[in-house]
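What follows is one structure encoded as structure tokens, with my remarks underneath.
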Amino acid sequence: MWIILAFGSAFFAGVTAVLAKLGIKDMDSHLATALRTIVVLVFAWMMVFIKGTQTTMPDISGESYLFLGLSGLATGGSWLCYFHALQLGDVNKVVPIDKSSTILTMLSAFLILGEPITVYMVLGMCAIVIGTGLMIQKKAAPKVSGQTKERDSGALEKRDYRWLIYAVLSAVFASMTSILGKIGIENVDSTLGTALRTIVVLIMAWLIVFMTHKQKEIRKIDGKSWIFLILSGITTGLSWLCYYRALQTGKASVVVPIDKLSIVVSVVFAWIVFKEKLSPKGLAGLVLIVAGTLILLL
């Protein structure tokens, strides 16, 4: 059952990337993250009250609350970096880097949780690393061909450099989220754990919004952006519920790789919605990432 939930998490996460990019197209990414987190929070607590698990809150240990809080902070950091990177670059450009957090998560699961690393896992991780490199390189072609305007090349490089920093930070924080979340929800209902950690994410996101004085831009958001922000919040909530339930009952070293198959969903929808096409090298990279992920399940 937890494997099915992991695949469900992958699907909803893949759809979220496209919906979120549509929602933040013409607005500040931090404000968009803060707004969509409200939707996630409402959705998460609805599920808590439907299941009636709010009554178990007094039974949660201080240690679990601590790790849930830390997991929430890591999630907030990952989201803020991820959606800002999406705003700067293409979906097919950001997602591969973000999904490379699989490698960091597996290594952390080995070092911290004591989960074993097999030969298949090593082969899978190598395939994912090579595939990610190929998918990043496939976006280098437009940069090179655009050098006919030398005065614009510097601006492109600067923009791409900032995208890379945010994407890498997103992967690092995502890896921390998985491990901290696994520890925090070990003896906590997954739905309640998701709702509690979302509170931390919401507080963190809005603190940054008010620190940067972006809250004034809310009145400028059009109806179309609101729709996509709400939809991305709902799909995020569904992805989280599936993911942390699977993480609670399954192995982190298996659940996380399955969840990262959301890259396939993102690439397909990015092609349909944004007309982002993969080059032969990028397609080979995607195949390697998927193959590497499937090898991890052996």
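Table for the structure above
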| item | result |
| --- | --- |
| Cβ-Cβ under 6 Å pairs, at least 6 apart or on other chains, the stretch 105-127 side of a type in the set (Ser, Thr, Tyr), far side surrounded by fewer than 16 Cβ atoms within 10 Å (Cβ to Cβ) | Tyr120/Leu298 |
| Residue selected from the stretch 26-48 under the condition surrounded by fewer than 18 Cβ atoms within 10 Å (Cβ to Cβ) and at pLDDT 90 or above, by the criterion farthest from the chain's Cα centre (by Cα) | Val42 |
| Unmet requirement for Cys242, which otherwise passes all of (1) within 15 Å of the chain's Cα centre (by Cα); (2) under 20 Å from Leu22 (Cα atoms) | (2) |
| Test: residue in the stretch 197-207 that is in a helix (DSSP H, G or I) and of a type in the set (D, E, K, R) | yes |
| Single residue of Gln215, Gln248 found to be farther than 30 Å from Leu297 by Cβ and surrounded by fewer than 24 Cβ atoms within 10 Å (Cβ to Cβ) | Gln215 |
| Top-ranked residue of the stretch 38-68 - restricted to ones that are touching a helix residue (DSSP H, G or I) at 6+ places or on another chain (Cβ under 6 Å) and small (Gly, Ala, Ser), ranked as farthest from Ser190 (Cα to Cα) | Ser64 |
| Val201 vs. criteria under 17 Å from Tyr82 (Cβ atoms), surrounded by 19 or more Cβ atoms within 10 Å (Cβ to Cβ) and touching a residue at least 60 places away in the same chain (Cβ under 8 Å) | yes |
| Unique residue being part of a helix (DSSP H, G or I), closer than 13 Å to Asp98 by Cα, at pLDDT below 90 and not hydroxyl-bearing (Ser, Thr, Tyr) when the list is Leu164, Leu192 | Leu164 |
| Residue within the stretch 275-295 that is under 16 Å from Ala13 (Cα atoms) and surrounded by fewer than 20 Cβ atoms within 10 Å (Cβ to Cβ) present | yes |
| Lone unmet requirement of (1) farther than 19 Å from Trp79 by Cβ; (2) modelled with pLDDT of 90 or more for Thr235 | (1) |
| The stretch 54-73 - residue that is part of a helix (DSSP H, G or I) and over 26 Å from the mean Cα position of the chain (by Cα) and, of those, nearest to Leu229 (Cα to Cα) | Gln54 |
| The stretch 52-64 residues that are on the phi < 0 side of the Ramachandran plot and free of Cβ contacts under 8 Å to residues at least 60 places away in the same chain, paired with ones that are surrounded by 12 or more Cβ atoms within 10 Å (Cβ to Cβ) and of a type in the set (Val, Ile, Thr) (beta carbon under 9 Å, 6 or more apart) | Asp59/Val188; Glu63/Ile183 |
| Whichever residue in the stretch 76-89 is in contact with a Phe, Trp or Tyr (Cβ under 7 Å, 6 or more places away or on another chain) and closer than 22 Å to Gly285 by Cα and, among such residues, is surrounded by the fewest Cβ atoms within 10 Å (Cβ to Cβ) | Leu88 |
| Residue count, the stretch 180-189 (criterion: buried (at least 24 other Cβ atoms within 10 Å of the Cβ) and in a helix (DSSP H, G or I)) | 3 |
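Matching residues to (1) free of Cβ contacts under 8 Å to residues at least 12 places away in the same chain; (2) acidic (Asp, Glu); (3) in contact with a Leu (Cβ under 6 Å, 6 or more places away or on another chain):
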{"residue": "Ala10", "(1), (2), (3)": "no, no, yes"}
{"residue": "Ala13", "(1), (2), (3)": "no, no, no"}
{"residue": "Ile50", "(1), (2), (3)": "yes, no, no"}
{"residue": "Leu80", "(1), (2), (3)": "no, no, no"}
{"residue": "Val91", "(1), (2), (3)": "no, no, no"}
{"residue": "Thr102", "(1), (2), (3)": "no, no, no"}
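Each row is one residue, and each column tells you yes or no for (1) among the aliphatic types (A, V, I, L, M); (2) touching a Cys at 6+ places or on another chain (Cβ under 9 Å).
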| site | (1), (2) |
| --- | --- |
| Met1 | yes, no |
| Ala10 | yes, yes |
| Thr16 | no, no |
| Ser29 | no, no |
| Thr33 | no, no |
| Arg36 | no, no |
| Val39 | yes, no |
| Trp45 | no, no |
| Thr55 | no, no |
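The values are calculated or read from the model by the stated rules, or taken from the named source; none is laboratory data. Please read all numbers here as calculations on a predicted model, not as lab measurements. Cβ: placed from backbone, ideal geometry, glycine included. Neighbour counts: every protein chain shown.
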